[in-house]
1. Which residues, taken from the range 54-69, are surrounded by 16 or more Cβ atoms within 10 Å (Cβ to Cβ) and either in contact with a His (Cβ under 8 Å, 6 or more places away or on another chain) or among the β-branched types (V, I, T) (or both)?
2. Does the range 26-42 contain any residue that is among the charged types (D, E, K, R) and loosely packed, with under 11 Cβ neighbours inside 10 Å?
3. Look through K30, K50, K46, K58 and report the one residue that is out of contact with any Leu (no Cβ under 8 Å at 6 or more places or on another chain), modelled with pLDDT of 85 or more and not in a helix (DSSP H, G or I).
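The values are calculated or read from the model by the stated rules, or taken from the named source; none is laboratory data. Not measured: the values here are computed from a predicted model. Cβ atoms come from the backbone with ideal geometry, glycine included; neighbour counts cover every protein chain shown.
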Amino acid sequence: MGHKHTYQIKSYVKDHTCGRVTKNRSAKSKWVANFAVVNKLQTTEKVTIKDIINDMRKNHSVDITKGRAWKAKQIAQKLLMGMLTGSIAWSGDMLLI
């Protein structure tokens, strides 16, 4: 093999018992708002902080704090209001949506 590094596997363990780390400080509120909360708010009338936390854990394998979930919900609501106000126009006496 010359001067190349080689490795030899001596044992193989198929089933691992080590836990998954879900704490991620990189999951910022804007990211959570864009990837989890906006879609939920568009399809569901009421979204709770617990719903956001559970969705992030289930679909993205990330644990977030209640504060981060609350802030993400606020950001998502502002984003949706911006989308709505951008799509509303007046035409004479009629409101076009």
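1. V62, I64
2. No, because not a single residue in the range 26-42 is among the charged types (D, E, K, R) and loosely packed, with under 11 Cβ neighbours inside 10 Å.
3. Being out of contact with any Leu (no Cβ under 8 Å at 6 or more places or on another chain), modelled with pLDDT of 85 or more and not in a helix (DSSP H, G or I) holds for just one of K30, K50, K46, K58, which is K46.
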